[in-house]
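S.K.: Just passing along the structure, written as structure tokens.
The values are calculated or read from the model by the stated rules, or taken from the named source; none is laboratory data. What you see is a predicted model; the values in this text were computed from it and never measured. As a convention, Cβ positions derive from the backbone with ideal geometry for all residues, glycine included, and neighbour counts pool all protein chains shown.
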Amino acid sequence: MTAVVFLVSLFGAIGIGVPIAFSLLVCAIAMMLLMGNLDAQIMAQKLIDGADSYPLMAIPFFLLAGEFMNAGGLSRRIVNVALALFGHFRGGLGYVVIGTGLLLASLSGSAIADTATLAVMLIPLMREAGYQVGRSAGLMAATGIIAPIIPPSVGFVVLGVTANISIVRLFMAGIVPGLLMASSLVIAWWFISRRDNVTVLPKQSSREVRKAFREAIWALFLPLIIIGGLRFGIFTPTEAGVVAAVYALAISLLIYREMTPKALYYAILNAGRMTAVIMILVAASMVTAFLITIASLPAQLMSVLSPFMGSPILLMAVIVLTVFAIGMVLDFTPAITILVPVLLPIIKAAGIDPIYFGVMFIMTAAVGMITPPVGAVLNTVCGVSRISMDQAVKGVLPFLLAEILVLVLLVLFPAIVTVPASLFN
């Protein structure tokens, strides 16, 4: 009965248009009423506890770093490096999208921000060169969702706080899966683009390539600083966010000198807006997570999943399918805050590594960001590229299948995640 009330109240509120954060609170109230213990003080205390977390401070700083990069010219210089290296190949602009997206993912950790940056800078070039705009937009959306997987990742920060597991270990464990997703896109793009009749950019001279690297060197240092600092324990994820934001701002103001006061204002404003959305979701989810524990929902779900408990691979496959289905209708952060408190006790009971579970959860939820009907990243690329959702869905389909195959591979062979993760840590 508790599970029914949980699902009906939550998805009922979402279905009638209540914002997800407030839907979580409606769900909490419904569960309190069912248990005969409606207490506003508990709700208020859990809301405060949910937002009062030192690791969550990493989120606004990483978002600020991404905004400063876009406004200060760092992102544009990274695109120029990728153009210098890959622009002259057949289908070269597609490889530029993937290479640039991978570099941006290692800097900002926001799928929507990275996808918007790629679309703004590269859609005009690809349209002019004769690439199908829907397919180009689909590739950008599929590349953009690598951002929550490659460190630094806002998703890993939220999941680490929600599940109380090491954010640094999650960061390190996401490197190889993120590179595998990028590799799958390279292979898919090679098969798709080899017969396209598009304009190939002229090959740049070694002098031009060196110039592109020289101009972007300050931007390219940032992922090395972040990952190196985390790997060797120089700073925590929260401190890494501060370092990233201060570094990006300093380079924008003092080296490239492209940051105007107006651009600085809007960068801070945009980061503040995105932070507010994430923080209210995390805070509200802590109320629901507390009641989920009190109502023993994980134990009830464990009894349902008991036939799969003997096989970690089979159980992980069921969990991935569940997260994927939920991710098609829920945005990224709500999927984490709603599902992780329910699923974590189950995977621990089955002997599955929580770090492996965290990586698989984030990857699956990220893939949900490019699947209709919600598809936040798809909506972003549609808005920037000025194409219909139908065009974007058709364009993203081959790349979506490539990333799903990566998920299947990681479900069947968990060592692909766990072994490199142990080496990095």
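S.K.: Assuming VAL304 fulfils every condition listed in (1) under 26 Å from the mean Cα position of the chain (by Cα); (2) among the β-branched types (Val, Ile, Thr); (3) closer than 17 Å to ILE346 by Cα; (4) exposed (fewer than 14 other Cβ atoms within 10 Å of the Cβ) apart from one, which condition is it?
M.R.: The failed condition is (1).
S.K.: Hey, could you check the stretch 376-390 for residues that are of a type in the set (Gly, Ala, Ser) and touching a residue at least 24 places away in the same chain (Cβ under 8 Å) and say which is surrounded by the fewest Cβ atoms within 10 Å (Cβ to Cβ)?
M.R.: ALA376
S.K.: Same structure again: Test of understanding: among ILE234, ILE192, which residue is of a type in the set (Val, Ile, Thr) and at pLDDT 85 or above?
M.R.: ILE192
S.K.: Continuing with the same structure: Within the group VAL242, VAL209, which residue is under 23 Å from PHE171 (Cβ atoms) and assigned to a helix (DSSP H, G or I)?
M.R.: That would be VAL242, the only listed residue that is under 23 Å from PHE171 (Cβ atoms) and assigned to a helix (DSSP H, G or I).
S.K.: Which residue pairs have Cβ atoms closer than 7 Å, lie 6 or more positions apart in sequence or on different chains, and pair a first residue in the stretch 273-284 that is at positive phi and charged (D, E, K, R) with a second residue that is surrounded by fewer than 19 Cβ atoms within 10 Å (Cβ to Cβ) and part of a helix (DSSP H, G or I)?
M.R.: Cβ pairs passing all conditions: none.
S.K.: Which residues, counting only those in the stretch 146-167, are assigned to a loop (DSSP other than H, G, I, E, B), surrounded by 24 or more Cβ atoms within 10 Å (Cβ to Cβ) and either modelled with pLDDT under 90 or small (Gly, Ala, Ser) (or both)?
M.R.: Once the filter is applied, which keeps residues that are assigned to a loop (DSSP other than H, G, I, E, B), surrounded by 24 or more Cβ atoms within 10 Å (Cβ to Cβ) and either modelled with pLDDT under 90 or small (Gly, Ala, Ser) (or both), the stretch 146-167 yields ALA147, PRO148, ILE150, PRO151, PRO152, SER153.
S.K.: Taking the stretch 288-340 as the region of interest, how many residues are among the aliphatic types (A, V, I, L, M), part of a loop (DSSP other than H, G, I, E, B) and at pLDDT below 75?
M.R.: 3
S.K.: Report the residue count in the stretch 391-417 for those that are within 18 Å of ILE175 (Cα to Cα) and surrounded by fewer than 16 Cβ atoms within 10 Å (Cβ to Cβ).
M.R.: The number of residues fulfilling the criteria is 5.
Residue-wise test of (1) without any contact (Cβ under 8 Å) to a residue 40 or more places away in the chain; (2) assigned to a helix (DSSP H, G or I); (3) surrounded by fewer than 19 Cβ atoms within 10 Å (Cβ to Cβ).
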position	(1), (2), (3)
PHE6	no, yes, no
LEU33	yes, yes, yes
ALA44	yes, yes, yes
ASP49	no, yes, yes
ALA58	no, yes, no
ALA65	no, yes, no
VAL81	no, yes, no
ALA84	no, yes, no
GLY94	no, yes, no
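S.K.: In the list GLY395, GLY383, GLY351, GLY358, which residue meets the criterion of being over 20 Å from GLY327 (Cα atoms) and in a helix (DSSP H, G or I)?
M.R.: GLY383
Yes/no per residue for (1) within 20 Å of the chain's Cα centre (by Cα); (2) at pLDDT 85 or above:
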| position | (1), (2) |
| --- | --- |
| ASP353 | no, yes |
| PRO372 | yes, no |
| SER385 | no, no |
| SER388 | no, no |
| ALA415 | no, yes |
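S.K.: Among the residues that make up the stretch 257-265, is at least one of them outside any helix (DSSP H, G or I), within 22 Å of GLY66 (Cα to Cα) and either of a type in the set (A, V, I, L, M) or modelled with pLDDT under 85 (or both)?
M.R.: Scanning the stretch 257-265, I find at least one residue that is outside any helix (DSSP H, G or I), within 22 Å of GLY66 (Cα to Cα) and either of a type in the set (A, V, I, L, M) or modelled with pLDDT under 85 (or both), so the answer is yes.
S.K.: Something else about it: Considering only residues that are of a type in the set (A, V, I, L, M), farther than 28 Å from PHE86 by Cβ and without any contact (Cβ under 8 Å) to a residue 12 or more places away in the chain, look in the stretch 217-246 and name the one that is surrounded by the most Cβ atoms within 10 Å (Cβ to Cβ).
M.R.: Step by step, filter the stretch 217-246, then rank; the result is VAL246.
S.K.: Separate question: Only one residue in ARG195, ARG214 is over 20 Å from the mean Cα position of the chain (by Cα), part of a helix (DSSP H, G or I) and either exposed (fewer than 14 other Cβ atoms within 10 Å of the Cβ) or touching a residue at least 24 places away in the same chain (Cβ under 8 Å) (or both). Which one?
M.R.: ARG214
S.K.: Hey, can you tell me all the residues within the stretch 96-124 that are touching a Pro at 6+ places or on another chain (Cβ under 6 Å) and part of a helix (DSSP H, G or I)?
M.R.: Within the stretch 96-124, just ALA111 meets the criteria.
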